[in-house]
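Enquirer: Dumping the structure here so I can ask a few things about it.
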Amino acid sequence: MKEVAGGIYQIPVPLPGSPLGHINAYLIEADNGYTLVDSGWDTDEAFNFLKEQMAGIGARPEEIYQIIITHIHPDHYGLAGRVKRLTKARMYAHYLEKEYIRSRYVNMDRLLQQLEKWLEVNGVPADELESLKIASTSMARVVVPIMPDALLNGGETITAGSFNLKVFWTPGHSPGHISLYEPEQKILMSGDHILPGITPNIGLHPQSGSNPLKQYFQSLNTVRELEADLVLPGHRQP
């Protein structure tokens, strides 16, 4: 863990078996505790790593009072449920992301039926349909599905210590993806919207909306207007 700005710590939570290596969670210090932005997978290894890193600055997960999720992909959202149950922290996410929690991580039957039809219409051979349909279902085992306490639309400001984080809706990588901008410090917490050296996956699927690539370009135009001296991404280095 390293302090990337005064009171903001980057925690590279490990993603065993993933080519990404780790996901960047961010811990923001305040007088009354900590805000956690994104979390990692729900594994004992990830949770113990979070505890160990926090201990390095004399903190404990129980002191997290806010959790902000940029989007509900497993590497960003999976561990949030365990942390929330431990701390009773207030969790924030975009309202569109909430819509997909149950269908992706609780009862996947309807989504899998939609996906099978989607793959068939788009030319996937019949003998490959079943394996491709369930290709990502194993990710549900690294997620504790829990509903957010506060739903975001974009435009809100969340106070975290001395930082006032303005919420920007930046869809494309995910329909309800958000980025957080601190105007005084000129810091952008970009989630998976902007990544150094690699590009976000902009995929077309039953829950992506009709034109996610168009949304992604529009979101890029949104953040290009911001004055940012430091970008804190979901993967790789600031």
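The values are calculated or read from the model by the stated rules, or taken from the named source; none is laboratory data. Because the structure is predicted, anything quoted here is derived from the model rather than measured. Note that each Cβ is placed from the backbone with ideal geometry, even for glycine, and that neighbours are counted across all protein chains shown. Please note that ligands, DNA and RNA were not included when accessible areas were found on the heavy atoms of the full protein model with its side chains. Shrake-Rupley method; radii C 1.70, N 1.55, O 1.52, S 1.80 Å.
Enquirer: In the range 1-152, what % of DSSP beta bridges are antiparallel (nearest 5)?
Expert: On the way: 15 of 25 bridges.
Once the DSSP bridges in the range 1-152 are tallied, antiparallel ones form about 60 percent.
Enquirer: Arrange the residues 199, 70 by how much accessible surface each exposes, largest first, with a 1.4 angstrom probe. The partial results should precede the final answer.
Expert: Details: 199 120, 70 0 Å².
Reading off the accessible areas and sorting them downward yields 199, 70.
Enquirer: Now for a different question. If each residue of separation counts as 0.36 nm, what is the full-extension length gain between residue 237 and residue 139 once their alpha-carbon separation is subtracted?
Expert: Values: separation 98, 0.36 × 98 = 35.28 nm, distance 2.46 nm.
Using 0.36 nm per residue and subtracting the Cα-Cα distance, I get 32.8 nm.
Enquirer: With θ taken as phi - 60° and the coefficients 6.51, -1.76 and 1.60, list the Karplus ³J(HN,Hα) couplings across the range 196-202 in order, rounded to whole Hz; mark glycine and proline as x.
Expert: Using θ = phi - 60°, the values come out as x, x, 10, 10, x, 6, 10 Hz.
Enquirer: So what does residue 166 come to for accessible area, using a 1.4 Å probe and Å² rounded to 10?
Expert: Taking all protein chains as shown, residue 166 has close to 80 Å².
Enquirer: On to the next question. Just how large is the dipole of the chain about the Cα centre, in debye to the nearest 20, putting +1 at every Lys and Arg Cβ and -1 at every Asp and Glu Cβ?
Expert: Numbers: 20 positive and 27 negative charges, 63 e Å.
Computed charge dipole of the chain: roughly 300 debye.
Enquirer: Mind scanning 84/133; 117/166; 88/133; 51/214; 2/186 and naming the pairs with a C-alpha gap bigger than 29 Å? Display every interim value, and only then the final one.
Expert: On the way: 84/133 31 Å; 117/166 39 Å; 88/133 35 Å; 51/214 40 Å; 2/186 19 Å.
The pairs that break the limit, which is 29 Å between Cα atoms, are 84/133; 117/166; 88/133; 51/214.
Enquirer: For the residue pair residue 114 and residue 65, what label-to-label distance in nm results when each label sits 7 Å from Cα along the Cα-to-beta-carbon direction?
Expert: Modelled inter-label distance: 3.8 nm.
Enquirer: Among 48, 233, 195, pick out the residue whose Cα is farthest towards the positive end of the charge dipole of the chain, where Lys and Arg carry +1 and Asp and Glu carry -1 on C-beta, about the Cα centre.
Expert: It is 48, whose Cα lies furthest towards the positive end.
Enquirer: Over 25 Å, how big is the tail of the calculated P(r) for the range 90-238, in percent of all Cα pairs? It would help to have the intermediate numbers written out before the result.
Expert: Numbers: 4121 of 11026 pairs.
Result: 37 percent of Cα pairs exceed 25 Å.
Enquirer: Which order do 9, 26, 65 take when ranked by solvent-accessible area (1.4 Å probe, heavy atoms of all protein chains), largest first?
Expert: Numbers: 9 25, 26 5, 65 60 Å².
Descending accessible area places them as 65, 9, 26.
Enquirer: Moving on to the next point. What residues have an amide H closer than 5 Å to that of residue 231, excluding those fewer than 5 places away on the same chain, when H is modeled at 1.01 Å from N in the peptide plane?
Expert: The list, which skips near neighbours in sequence, is 188.
Enquirer: Rounded to the nearest 0.05, what FRET efficiency do residue 230 and residue 204 give with R0 = 35 Å and r taken as the Cβ-Cβ distance? Could you check? It would help to have the intermediate numbers written out before the result.
Expert: On the way: r = 32 Å, r/R0 = 0.92.
After rounding, the FRET efficiency stands at 0.60.
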